[in-house]
Amino acid sequence: MTRNLFITFEGPEGSGKSTQINKLCEYLKSKGADVLITREPGGTFAGDRIRSILIDKSSGDLEPETELFLMAAQRNEHFKKVIKPALDKGKVVLCDRYFDSSMAYQGYARKIGMERVKKLHDEFLQDYLPSSTILLSISPETGLNRVKERAQKNPDRIESESQDFHLMVSEAYEKLAKIYPERFIKIIADNKTPDDIFEEILKAINEKYGKLP
Ligand SMILES: Nc1ncnc2c1ncn2[C@@H]1O[C@H](COP(=O)(O)OP(=O)(O)O)[C@@H](O)[C@H]1O
Ligand SMILES: [Mg+2]
């Protein structure tokens, strides 16, 4: 098993991140790998409390920087207390959303600027970037339809954002895949079954790291 395998899953709301990260986790475990699966915002007790502030509608509008600093605070706990120690022990770490979500949501869609978001992370975290980031790319139409579907249920504070906001998020991810071509594995996830998407993810990972166990 390749050491220091740190794989994050990114993409707009409803793109299939949680579905695919669970599949990869099960697959790797079935091959005997020591896997930590985690998520952001969250991943620690304090991080989950910060998550509530971020996604509960009762928080109302937050200043963009407030959102960024809350994201950064939970990431500081998560990376230093959970992710880094697991990587140091040789575990495979799979994380549902991470740094690139802040680049897309706070940096781009909230207009703080991706460079500022990156600079902030460089100041308080070291060696924090994942080895690979699986981007589940869905067309704006599919994305907006899924957001609308969710909106009929009980959308959280971020899911309730405007269509324009969600379009900006999608646009940001496409930009990020171009900024970090070595790290990003972009998978077109429209009109494909979860099994088909997973097959593509596995193929891409095997090509990048050599055959997994
Ligand atoms: N390839 C797919 N095709 C159709 N529906 C899917 C696919 N992958 C996931 N879903 C469904 O779409 C919804 C969102 O998937 P989820 O994995 O929760 O996305 P995310 O974690 O990115 O928000 C879920 O109801 C899930 O069952
Ligand atoms: Mg999810």
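The values are calculated or read from the model by the stated rules, or taken from the named source; none is laboratory data. Everything quoted here is computed from the prediction, not taken from an experiment. Note that we place each Cβ from the backbone using ideal geometry, even for glycine, and neighbour counts take in every protein chain shown.
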Evaluate segment 165-172: report whether one residue or more is more than 25 Å from ILE7 (Cβ to Cβ) and hydroxyl-bearing (Ser, Thr, Tyr).
no
Result of the Cβ filter at 9 Å on segment 155-168, keeping first residues that are of a type in the set (Gly, Ala, Ser) and partners that are surrounded by fewer than 17 Cβ atoms within 10 Å (Cβ to Cβ) and at pLDDT 90 or above, at least 6 apart or interchain, is SER160/LYS57
Flagged in segment 173-196 as crowded, with 18+ Cβ neighbours inside 10 Å and within 15 Å of ligand 1 (Cβ to nearest atom), in numbering order, are TYR173, LYS186, ILE187, ALA189
Scan segment 1-21 residue by residue and report those that are part of a loop (DSSP other than H, G, I, E, B) and of a type in the set (A, V, I, L, M, F, W, C).
MET1, LEU5
Could you pull out the residue among ILE205, ILE179 that is touching a helix residue (DSSP H, G or I) at 6+ places or on another chain (Cβ under 9 Å), closer than 20 Å to ASN22 by Cα and modelled with pLDDT of 95 or more?
ILE205
Among the candidates LEU24, LEU68, LEU120, residue that is under 16 Å from the mean Cα position of the chain (by Cα), over 30 Å from LEU202 (Cβ atoms), assigned to a helix (DSSP H, G or I) and not small (Gly, Ala, Ser):
LEU68
Would you pick out the residues in segment 145-161 that are farther than 22 Å from GLU40 by Cα and away from ligand 2 (no atom under 15 Å from the Cβ)?
ASN145, LYS148, GLN152
Which of the residues spanning segment 178-196 are in contact with a Ser or Thr (Cβ under 8 Å, 6 or more places away or on another chain) and not in a loop (DSSP other than H, G, I, E, B)?
PHE184, ILE185, LYS186, ILE187, ILE188, PRO194
If you check LEU136, LEU129, which single one turns out to be assigned to a loop (DSSP other than H, G, I, E, B) and on the phi < 0 side of the Ramachandran plot?
LEU129
crowded, with 17+ Cβ neighbours inside 10 Å and of a type outside the set (A, V, I, L, M, F, W, C): which single residue out of SER132, SER139, SER162 fits that description?
SER132
Please enumerate the residues belonging to segment 27-45 that are among the small types (Gly, Ala, Ser) and assigned to a loop (DSSP other than H, G, I, E, B).
GLY32, ALA33, GLY42, GLY43
Cβ-Cβ under 7 Å, sequence separation 6+ or interchain: first residue in segment 2-19 and closer than 15 Å to PRO194 by Cα and within 8 Å of ligand 2 (Cβ to nearest atom), partner of a type in the set (Phe, Trp, Tyr) and modelled with pLDDT of 90 or more. Which pairs?
LYS17/PHE9
Could you say whether any residue in segment 137-145 is among the small types (Gly, Ala, Ser), over 20 Å from GLU26 (Cα atoms) and over 18 Å from the mean Cα position of the chain (by Cα)?
no
Qualifying residue in segment 94-117 (condition: buried (at least 18 other Cβ atoms within 10 Å of the Cβ), in a helix (DSSP H, G or I), more than 16 Å from ligand 2 (Cβ to nearest atom) and among the β-branched types (Val, Ile, Thr))
yes
